[in-house]
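**Student:** Below is the structure I would like to discuss, written out as structure tokens.
Here, each number is a calculation from the coordinates, and none is a lab measurement. Remember, predicted model here, so these are calculated numbers, not experimental data. Because the Cβ atoms are built from the backbone with ideal geometry, glycine has one as well, and the counts that use them run over all protein chains shown.
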């Protein structure tokens, strides 16, 4: 008996590593060589390609495609119908499998519904990508980015609350009470 749940319509190829407590829902396809950590939740109609690595407690919502070259740390949220790319200049008649670019999503980051992450651009830890955003460059830790192309609009706490920095560049998360410092255009928890 396996120590994860897979709906009867899920397709799980041989050679996948699936952590304890993970759930794989309707019509999802896990391809050979993908690695899923403990307690992940894979929604309906999700495709996870070979060599993709998801950390623990990653939440993948319905209709998400995660292509080769993507890695996600623990506690990442991937919103409904968001997508990663893995080739900058795809052509049906040109094989570019040796040109896949890597994308890494840091711990605790959230990517909103229908967002697109263009390959080769990393998402920092606890970053927050707004719904429908098109990410075309690196996203710093704790950054809030929105739009097409995505532009930084502020900073977010680890609890997903917008941070307001005072004259001393200190912000307090309204939900957790945790404090953050903004220094040299970088945010850190203090």
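**Student:** Among 91, 162, 151, whose mean-square fluctuation peaks in a Gaussian network model of the chain (Cα, cutoff 10 Å)?
**Tutor:** 91
**Student:** Find how much the distance from residue 174 to residue 8 grows on full extension, using 0.36 nm per residue of separation minus their present alpha carbon separation; answer in nm with one decimal. Please report the intermediate quantities before stating the final value.
**Tutor:** Numbers: separation 166, 0.36 × 166 = 59.76 nm, distance 4.24 nm.
Fully extending the segment from residue 174 to residue 8 adds 55.5 nm.
**Student:** Would you mind telling me the antiparallel percentage of the DSSP bridges in the range 91-151, rounded to 5? Write out the running numbers ahead of the final one.
**Tutor:** Numbers: 2 of 10 bridges.
Around 20 percent antiparallel, to the nearest 5.
**Student:** For the chain, compute Rh as the Kirkwood radius over C-alpha pairs and then the Stokes-Einstein diffusion coefficient at 4 °C and 1.567 mPa s; write the answer in µm²/s, rounded to an integer.
**Tutor:** Working: Rh = 17.1 Å.
Translational D for this selection: 76 µm²/s.
**Student:** Using a basic spin-label model with each label point 7 Å from the Cα along Cα→Cβ, how many nm lie between residue 188 and residue 95?
**Tutor:** Those two pseudo-labels are separated by 4.8 nm.
**Student:** In percent, what relative contact order does the chain have, based on Cα pairs under 8 Å that are 6 or more apart in sequence?
**Tutor:** Values: 581 pairs, mean separation 19.0, N = 190.
After rounding, I find 10 percent.
**Student:** Determine the percent antiparallel among the DSSP beta bridges restricted to the range 44-190, to the nearest 5.
**Tutor:** Percentage antiparallel, nearest 5: 35.
**Student:** Would you look at the GNM of the chain, springs on alpha carbons closer than 10 Å, and say which of 172, 83, 64 moves the most?
**Tutor:** Comparing 172, 83, 64 in a Gaussian network model of the chain, the most mobile one is 172.
**Student:** Between the alpha-carbon centers of the range 116-147 and the range 1-47, tell me the distance in whole angstrom.
**Tutor:** Between the Cα centre of the range 116-147 and that of the range 1-47, the gap is 26 Å.
**Student:** Here is a follow-up. Pairs of Cα atoms under 8 Å, at least six residues apart: use those to get the relative contact order of the range 86-190, whole percent. Show your work: numbers first, answer last.
**Tutor:** On the way: 240 pairs, mean separation 16.1, N = 105.
For the range 86-190, the relative contact order is 15 percent.
**Student:** Same structure, new question: Taking springs between alpha-carbon atoms closer than 10 angstrom, which of 93, 115, 127 fluctuates most in the Gaussian network model of the chain?
**Tutor:** Maximum fluctuation in the GNM of the chain, among the listed residues, is at 93.
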